[in-house]
Amino acid sequence: MAWLTGIRWLQFDLYQVFFAAGGIGATVELLQGDTVGFATAAGFTALAATQLWRNNRKPQRDLEADAEAVRLAQRRGYSQAEAVRHLLSAIESIAQIENRPLSFSELIRAQNLRSLSGVSAIER
């Protein structure tokens, strides 16, 4: 849930404008029957969509979502240390349930959460 708060759905940036313009252009070119124009506009749309996907899936978004989740938990009465501990436990439990080691992004998130709580990996 906190991950969704980090995405700016209604604040248009450059790639969102390119995506919309490419989609409109591809539709117009398709209706006109221009295959070269359609291919160009569809490629333009795909490039913009790829950049939007990358911007919303980078590790920094996960760290921002974790910080927002801790803030939400604090508003609901948890202490920061308690919220961080539960979130860290959830990240580790998911990997354990799926019977796999922590992924690189999960390791980054876990280290960031430990730094938020002031607990180092050595003290664990």
Ranked list, fewest to most other Cβ atoms within 10 Å of each Cβ, for 24, 97, 91: 97, 24, 91
Whole-Å distance, taken between Cα centres, linking the stretch 61-75 and the stretch 20-52: 37
Length-normalised contact order for the chain - Cα pairs under 8 Å, 6+ apart - percent: 23
Projected area averaged over orientations for the stretch 19-124, convex hull of C-alpha atoms, nm²: 9.9
Net charge over other residues, Cβ less than 13 angstrom from the Cβ of residue 98 (K, R count +1; D, E count -1): -1
Modelled FRET efficiency - R0 25 Å, residue 85 with residue 108, Cβ distances, 0.05 increments: 0.90
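None of the figures in this text is laboratory data; all of them are computed from the coordinates on show. Predicted model only: the values in this text are computed from it and were never measured. Cβ coordinates were reconstructed from backbone atoms using ideal geometry, including for glycine residues, and neighbour counts include every protein chain displayed.
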